Every structure is written in structure tokens, then in C-alpha cells.
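**Q** This structure is in C-alpha cells; I'll ask about it shortly.
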Amino acid sequence: MAFGGAVMAQTSTGPSAANTASRPRFQTLSGKLTKIDGKALTITTTAEGQTKETVVTCNDATRILKTTQPAAGAAEAPKRGRGPGTPAKFEDLEVGQQVMALYNAEDNIARLVRIVPEAAAPSSPASGAGAAGTTK
């Protein structure tokens, strides 16, 4: 009967408290980097004629990557999301670049910022990409 006593000593509160915490929700954002203020990045997106600015903050855990161009003989560019990339530094970010950010929707802390080369960025006028140019 000692076995039955051990079973009765268990609590019936359900899963442990560690399992009840909600996981962070992550959002993906692709657009033009329009402002850098300390570690805060302002990313501007245009969808359906509406322009929206989103501020995400980088910290020491934020990964910064540069997307690499596919080889000249490659069949197609990598699919959206994970693809070839080389590690970069926060200092490599510049206003006017196309970027993709993965950030926590609750506190806007970026987990990943990927610098997208202009050739790989969409060039439709509605996206705002390709509109920038240099004049001499």
C-alpha cells in the first residue's frame, strides 16, 4: 500500500509553471531602413498604398546577416526566409538599405536583421524599392 500513498502525494495542479509561460510571437518585416537611432532601426514598408514605419531595437543577441547573391549559373534565388548569408555587424547597416527583420511582437526586440542586396529586392514602385538613385 506504500505505492498508493506515493501516488496520492502528487499534486493535481497540472503542468509545471515553466510550461504555462507563453512563447514570444515573432513577426517578419521587410522594407527600407529609413533611420538608425542608437540601436533602434526604423523600417518603412508600403503595402496596398499605405506606408508604415516600424521601430525595432537590436541588442547583443541580435544576429545581423548579409544575403549573398546567387552564383551566375544558379537556377534561382533562394526562397524567402533562411538562405545563404554571411555574418555582418551592426555597423554594416546603412540608411536606404533593404532589410528583413525578425522581431518579437511584444517588445519589438529584433532577433535577426538581414541586409538584402538591391538586385534581390523587389523593384515595384509600390514597394518603394528601386526608387533611390544617385545623381552627379
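Derivation of every value follows stated rules applied to the coordinates shown; laboratory data play no part. Since we're looking at a predicted model, the values are computed, not measured. Heads up, the Cβs are rebuilt from the backbone with ideal geometry, glycines too, and the neighbour counts pull from every protein chain shown.
**Q** Using a/c under 1.5 as the rounded threshold, could you call the stretch 19-58 rounded, prolate or oblate? The axes a ≥ b ≥ c are square roots of the C-alpha gyration tensor eigenvalues, and prolate needs a/b larger than b/c, oblate otherwise.
**A** Oblate.
**Q** Can you put LYS39, LYS66, LYS52, LYS89 in order of Cβ neighbours within 10 angstrom, beginning with the fewest?
**A** LYS89, LYS52, LYS39, LYS66
**Q** Right, another one. All other residues with a Cβ under 12 Å from the Cβ of ALA88 taken together, and with Lys, Arg as +1 and Asp, Glu as -1, what is their net charge?
**A** Residues near ALA88 contribute +1 overall.
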